[in-house]
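Some notes on the structure that comes next.
The values are calculated or read from the model by the stated rules, or taken from the named source; none is laboratory data. Small disclaimer: the values here were computed from a predicted structure and weren't measured. Neighbour counts are summed over all protein chains in view; Cβ atoms, including those assigned to glycine, are modelled from backbone coordinates with ideal geometry. We work out accessible area using only protein heavy atoms, side chains counted, and drop any ligands, DNA or RNA first. Shrake-Rupley method; radii C 1.70, N 1.55, O 1.52, S 1.80 Å.
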Amino acid sequence: MNAKANTAMNRQDFEQALRDKGAYYHIHHPYHRAMYSGQCTPEQIRGWVANRYYYQVRIPQKDAAIMSNCPDASVRRLWLQRILDHDGHEGDVGGIEAWLTLAEAVGLSREEVIDERHVLPGVRFAVDAYFNFARRATWQEAACSSLTELFAPEIHQSRLDSWPQHYPWIEENGYRYFRKRLSEARRDVEHGLAITLDHFTTEAQQQRAFEILQFKLDILWSLLDALTMAYVHQTPPYHTVTDQPVWHRGL
Ligand SMILES: O=C(O)c1cc(C(=O)O)c2c(n1)C(=O)C(=O)c1cc(C(=O)O)[nH]c1-2
């Protein structure tokens, strides 16, 4: 037998190893833990919602980038649904609009969210790293990077279970986004996972898949680190020299 035996995991073990990466999901970040244990101030909730808006608007652009790199129409036909989920279509205002409803429900104005004045540079850089990866990676690698969605239904559910009781000042209609994502994320991940299990079949490829998934976990964690500096430690960028939000609003 060839001395260089294939030590790749079988499909089932590979899927389990990808799922095990959930140990590093941002559900465990102190900022999230504080949010669903009721320890956040209204300002901290608003800061998270206003900054996460940048993720919301970038996600469909990211998905369009993946589609532009994918020559397979049958994959594109399914992937397209992600863009419709966020941008909306007849009968559904879409996730970006639902996020703006959440923003208003927590006391932000649409205007201050849409103009991205609250988006911290660290958040922008983290989200843009995801977008830029999707642009330059193969569509299979980019699909793999979406697999943090394996863990997303649990985080949306944890907000639905805990926020209304801890934060009675948040208007009920704000929760629609989280409810909407419960089924959408499950459907997305079925597709993303099938692509990943089909494509990453050698040991080296599977190691690459773990690295890609860790990259995405790093993005989500870094986003919350930036929020922690600004809204928990009260040390936003340039705090040693000014209390003004002088950072750029995106180029
Ligand atoms: O609220 C969250 O914690 C969270 C996490 C993630 C994720 O794991 O990337 C997504 C979402 N939400 C989400 O709402 C969403 O639409 C989404 C799309 C994607 C993706 O990578 O394509 N991730 C996520």
### Task
State yes or no: is Gln214 surrounded by fewer than 19 Cβ atoms within 10 Å (Cβ to Cβ), under 24 Å from Asp72 (Cβ atoms) and either at pLDDT 95 or above or within 12 Å of the ligand (Cβ to nearest atom) (or both)?
no
### Query
Going through the stretch 1-37 one residue at a time, which ones are modelled with pLDDT of 95 or more, open to solvent by 20 Å² or more (accessible area, probe 1.4 Å) and over 22 Å from the mean Cα position of the chain (by Cα)?
Ala8, Met9, Asn10, Arg11, Gln12, Asp13
### Task
Just name the residue that is farthest from the chain's Cα centre (by Cα) out of those in the stretch 38-59 that are surrounded by fewer than 21 Cβ atoms within 10 Å (Cβ to Cβ) and more than 18 Å from Ala230 (Cα to Cα).
Gly38
### Message
Residue under question is Tyr167, and the condition is that it be surrounded by 15 or more Cβ atoms within 10 Å (Cβ to Cβ) and closer than 30 Å to His239 by Cα; does it hold?
### Response
yes
### Query
Scanning the stretch 67-112 for residues that are of a type in the set (S, T, N, Q) and within 16 Å of the ligand (Cβ to nearest atom), which turns out surrounded by the fewest Cβ atoms within 10 Å (Cβ to Cβ)?
Ser68
### Task
Please state which of the following conditions Leu108 fails to meet, knowing it meets all the rest: (1) over 30 Å from Thr41 (Cα atoms); (2) in contact with a His (Cβ under 9 Å, 6 or more places away or on another chain); (3) not charged (D, E, K, R).
(1)
### Query
Does the stretch 124-141 contain at least one residue that is open to solvent by 30 Å² or more (accessible area, probe 1.4 Å), in contact with a helix residue (DSSP H, G or I) (Cβ under 7 Å, 6 or more places away or on another chain) and either within 12 Å of the ligand (Cβ to nearest atom) or of a type in the set (A, V, I, L, M, F, W, C) (or both)?
yes
### Task
Kindly indicate whether Val232 is surrounded by 14 or more Cβ atoms within 10 Å (Cβ to Cβ), within 15 Å of the ligand (Cβ to nearest atom) and on the phi < 0 side of the Ramachandran plot.
no
### Pairs, first under 13 Å from Ile59 (Cβ atoms) and among the acidic types (Asp, Glu) in the stretch 118-137, second outside any helix (DSSP H, G or I) and open to solvent by 20 Å² or more (accessible area, probe 1.4 Å), C-beta under 9 Å, six or more apart
Asp128/Gly250
### Query
Does Val232 count as of a type in the set (Val, Ile, Thr) and in contact with a Leu (Cβ under 6 Å, 6 or more places away or on another chain)?
no
### Query
When the stretch 170-202 is examined, which residues are found to be out of contact with any Ser or Thr (no Cβ under 8 Å at 6 or more places or on another chain), more than 16 Å from the ligand (Cβ to nearest atom) and either open to solvent by less than 10 Å² (accessible area, probe 1.4 Å) or farther than 22 Å from Ile83 by Cβ (or both)?
Glu171, Glu172, Leu197, Asp198, Phe200, Thr201, Thr202
